[in-house]
1. From the set of residues in the stretch 155-176 that are part of a loop (DSSP other than H, G, I, E, B) and among the β-branched types (Val, Ile, Thr), which is farthest from THR91 (Cα to Cα)?
2. With ASP29, ASP54, ASP95, ASP70 as the choices, which residue is over 21 Å from ASN109 (Cβ atoms), free of Cβ contacts under 8 Å to residues at least 12 places away in the same chain and acidic (Asp, Glu)?
3. Taking ARG183 and the conditions (1) free of Cβ contacts under 8 Å to residues at least 24 places away in the same chain; (2) of a type outside the set (Ser, Thr, Tyr); (3) out of contact with any His (no Cβ under 9 Å at 6 or more places or on another chain), which numbered condition does it fall short on, given that it satisfies the others?
4. Name the residues in the stretch 17-41 that are small (Gly, Ala, Ser), closer than 20 Å to THR52 by Cβ and surrounded by fewer than 16 Cβ atoms within 10 Å (Cβ to Cβ), would you?
5. Looking at the stretch 7-27, is at least one residue touching a Leu at 6+ places or on another chain (Cβ under 8 Å) and charged (D, E, K, R)?
6. Which residue, of ALA80, ALA165, ALA159, is surrounded by 12 or more Cβ atoms within 10 Å (Cβ to Cβ), farther than 28 Å from PHE66 by Cα and in contact with a helix residue (DSSP H, G or I) (Cβ under 8 Å, 6 or more places away or on another chain)?
7. Here are the criteria: (1) surrounded by fewer than 21 Cβ atoms within 10 Å (Cβ to Cβ); (2) under 15 Å from the mean Cα position of the chain (by Cα); (3) part of a helix (DSSP H, G or I). Tell me which single one PHE93 does not satisfy.
Amino acid sequence: MLGAAGRVGLEICRGIAASDDLTLVAAVDPRNAGKPLADLGIESSVSIVGATNDLDGSIVDAAVDFTVLDAARENLAWAADNSVHMVVGTTGFTDTDLHTVRTSFEKSNCIIAPNFSLGAILMMRFSEMAAPFFESAEIIEFHHENKIDAPSGTAMMTAQRMAAASSEWMEDPTTNEILPGARGGEGPEGIRVHGIRMKGTAANQEVILGTAGQTLTIRHDTIDRTSYVPGVLLALRAVADRPGLTLGLDDVLGL
């Protein structure tokens, strides 16, 4: 587990440790190097190390990364060099990053998903399905006060999929923006995306679609970070059978 002592990392460690078919063999977190996972409430004999270079790659079949972008790039390179499968929840990768992953993962595989919550994955799919039947759409994503990138990877993926499903969207009527940015960011096909950061929330998203006389709101709420664990475990079980790079969990879920 890479980013083992983070809020999501701890929940994933707990989920792996509790599973019948997966074994937690190593944990990496530079701020907690040397600390036993047991001290953090995880039923495991593993102690945290500070970097992937401190690991014996031969004992690792697959790694999960929930870190930050720069660390994730380094972790992906390490995994490719050591023939380790990767499941990545870190967001913010550029097209260049994804090209690098595609070309470097020759002896192992990689799944990168902007969201591992099964409900969020279904929310994106439902939004994509609804897009051709509506003329306007806006996306509002809500995240906790420590999230540093905006819009979220989930919001951007949602907008991209909706834009791919339909190019027939109403033009924004705004001609006078009193406060710059009041209309949010302009995503693919002009779909507006709004990022909200505040205390008291974890990760939520609304997709609002409108046409004559009606609106449709598709919303997903993450109540607790444990919501990511089933999707991560599903990806861990599937990654060895999915050559190269897989983006998102839709194919894994058969959507």
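Nothing in this text is a laboratory measurement; each read-out follows from the coordinates by a stated rule. Everything numeric in this text was worked out from a predicted model, so none of it was measured. Backbone-built Cβ (ideal geometry, glycine too); neighbour counts: all protein chains shown.
1. THR175
2. From the options ASP29, ASP54, ASP95, ASP70, the qualifying one is ASP70.
3. (3)
4. Listed by number, the residues that qualify are ALA33, GLY34.
5. For the stretch 7-27, residues touching a Leu at 6+ places or on another chain (Cβ under 8 Å) and charged (D, E, K, R): absent.
6. It is ALA165.
7. In the conditions (1) surrounded by fewer than 21 Cβ atoms within 10 Å (Cβ to Cβ); (2) under 15 Å from the mean Cα position of the chain (by Cα); (3) part of a helix (DSSP H, G or I), PHE93 misses (3) alone.
Table: residues versus (1) surrounded by fewer than 22 Cβ atoms within 10 Å (Cβ to Cβ); (2) in contact with a strand residue (DSSP E or B) (Cβ under 9 Å, 6 or more places away or on another chain).
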| site | (1), (2) |
| --- | --- |
| GLU106 | yes, no |
| GLY119 | yes, yes |
| ARG125 | yes, no |
| PRO132 | yes, no |
| GLU145 | yes, yes |
| THR154 | no, yes |
